[in-house]
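Comments concern the structure below.
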Amino acid sequence: MTDTHTGDTAPQPDLPTGRLQGRQVFLDTVRQAFEVAAVQGWSHITLSDADFADWPLGERAVVDALNRWAHRGRTLKMLARNYDQLRLLHPRFVQWRVTWSHLIEAHACPGASGAELPSAIGSPVWTLERLDPLRNTLVASVDAERRVALKERVNECWLKSVPSFPASQLGL
C-alpha cells in the first residue's frame, strides 16, 4: 500500500539510503532530492556546503524542480563559508534565488572549518551528508536521529554566521 501523504512521511523509494560513494552518485542524488522535494512538498530544505561549487544547483532540471517546490510557507535555508563560486558557476540558480528571495535565508560562516560545516541536504524526512567531499563518501538516511544531529551541527554554524548571498547587489 502506497502512502501519498506529502508531509513528514518516509521518502519515496527513489531516494537512496545508506552509505554511497562517488561524484556521479552525489550529483544524481542531489538532483533526485530536489525532484522528491517538489513531488512531496517538503516544508523546508537546508543546504550546507563550503561553497556549493561542485553541486548541480545551476542545472535546468534542478532549477525546474525548485520552481515546482517553491510555494508559500516553504523555506530554503543555505549555509556556506562563502558564495563566490556559487555566483560564478551557477547563474541559473542565482536568478532563481532572486525570484524566490522571500523563501530563502542564506548565511555565511567564513571561519568554519570543513569539519564544522557539513556538506549536506536536510529535510523533514531525509538527509544526505558528504562525509568526505574530496572522495564523495556519502550517507543518506531517513533516520530521525541523523536528521536531528545534522540540524544541530548546521545550527551551531548558523549561530556564528552572518546574512550573505543577497538577492540583489546594491552599489555602483
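I need the phi-derived Karplus couplings for the range 119-132: 6.51 cos²θ - 1.76 cosθ + 1.60, θ = phi - 60°, integer Hz, Gly and Pro marked x.
9, 7, 10, x, 8, x, 10, 7, 10, 10, 10, 8, 6, 9
Grab the DSSP H runs of the chain that are 4 residues or longer, score each as -39,500 (n - 2.57), total them, divide by all residues and round the 222 nm result to the nearest 500 deg cm²/dmol.
One gets -10500 deg cm²/dmol as the mean residue ellipticity at 222 nm.
Loop-only check: which GluC sites (Glu not before Pro) in the range 68-148 are DSSP coil with at most 16 other Cβ within 10 angstrom?
Passing sites in the range 68-148 are 116.
Taking a label point 7 Å from the Cα of residue 116 along the Cα→Cβ vector, which residues of the range 57-94 have an amide N closer than 14 Å to it?
80-82
Quick one: Karplus J couplings for the range 55-71, per residue in order, coefficients 6.51, -1.76, 1.60, θ = phi - 60°, nearest Hz, x for Gly and Pro?
Computed from phi, the couplings for the range 55-71 are 8, x, 5, x, 6, 4, 4, 5, 5, 4, 5, 5, 4, 5, 6, 5, 9 Hz.
Please report the equivalent ellipsoid semi-axes of the chain, computed as sqrt(5 x eigenvalue) of the Cα gyration tensor, largest first, in whole Å.
For the chain, the semi-axes come out at 23, 19, 16 Å.
Please return the longest stretch of the chain lacking exposed loop sites, where trypsin sites (Lys or Arg not before Pro) count only if DSSP places them in a loop and at most 11 other Cβ atoms lie within 10 Å.
By the stated rule (loop sites, at most 11 other Cβ atoms within 10 Å), 1-71.
FYI, it's all coordinate maths here, none of it is from the lab. Only a predicted model underlies this, so the values are computations on that prediction, with no experimental measurement involved. Quick reminder, even Gly has a Cβ in these numbers, built from the backbone with ideal geometry, and neighbours come from all protein chains shown.
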